[in-house]
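This report refers to the structure that appears directly beneath it.
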Amino acid sequence: MSLFRASFPAPGDFAPLFRLLDDYDNHRGSHRSAARSFAPRFDVRESEEAFHLDGELPGIAQKDIDIEFTDPQTLVVKGRTEREYSTAEPEEQAGTEQAVATTEKASKVSHRYWASERSVGEFSRSFSFPNGIDQDKVKASLKNGILSVTVPKSTASATKKITIE
């Protein structure tokens, strides 16, 4: 008879615990600094011709996203988002269905949050590629909150023959 059988989860059942610890750490860390930040999630794939990045940026406008190379093989995706709300009096919503969008900073109404789970603030993600890339042919698109970036691999040969004159 094992003494610990009932007190320890089965192998592979630790995912909820780790998710809870990550959420706690993110929540605790977000109150320490005035400028909140977060790290959007990205899928990074490689094909024979290119690297493909697909990142979740829901509710972030294209104008608030910057993509740049900091060196020949490092791509940085950065930007910011603010929490937006739709506020209107119940009579206004029923009669004209017109709501005024305001940002959290501009709102003069004090709110007491019961839950605050949406990501807000600044974000920055860096991606370093192991092979040479063609910076001039990089393409990016934003559709339905998914940022897709295609970074073609360089076709230039790494070896070059030098003739002696």
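The values are calculated or read from the model by the stated rules, or taken from the named source; none is laboratory data. Everything numeric here is computed off the predicted structure, so don't read it as measured data. For neighbour counting, all protein chains shown are included, and Cβ atoms are generated from backbone atoms with ideal geometry for every residue, glycine included.
Structure values in brief
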{"quantity": "Condition met for A34 (of a type in the set (A, V, I, L, M, F, W, C), touching a Lys or Arg at 6+ places or on another chain (Cβ under 7 Å), more than 18 Å from S141 (Cβ to Cβ) and at pLDDT below 95)", "calculated": "no"}
{"quantity": "From S86, S141, S126, residue being more than 17 Å from F38 (Cα to Cα), at pLDDT 90 or above and among the hydroxyl-bearing types (S, T, Y)", "calculated": "S141"}
{"quantity": "Search result, residues across region 32-79 that are touching a residue at least 24 places away in the same chain (Cβ under 8 Å), in contact with a Ser or Thr (Cβ under 7 Å, 6 or more places away or on another chain) and acidic (D, E)", "calculated": "D54"}
{"quantity": "Output for region 147-165, where each listed residue is of a type in the set (A, V, I, L, M) and either outside any loop (DSSP other than H, G, I, E, B) or surrounded by 14 or more Cβ atoms within 10 Å (Cβ to Cβ) (or both)", "calculated": "L147, V149, V151"}
{"quantity": "Answer residue from region 119-141, given it is under 12 Å from the mean Cα position of the chain (by Cα) and not aliphatic (A, V, I, L, M) and is farthest from P72 (Cα to Cα) among those", "calculated": "S119"}
{"quantity": "Residues of region 129-146 that turn out to be in contact with an Asp or Glu (Cβ under 7 Å, 6 or more places away or on another chain) and part of a strand (DSSP E or B), as a count", "calculated": "1"}
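For (1) surrounded by 13 or more Cβ atoms within 10 Å (Cβ to Cβ); (2) modelled with pLDDT of 95 or more, each residue gets a yes or a no:
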position: N26; (1), (2): yes, no
position: P40; (1), (2): yes, no
position: R45; (1), (2): no, yes
position: L53; (1), (2): yes, yes
position: W114; (1), (2): no, no
position: I133; (1), (2): yes, no
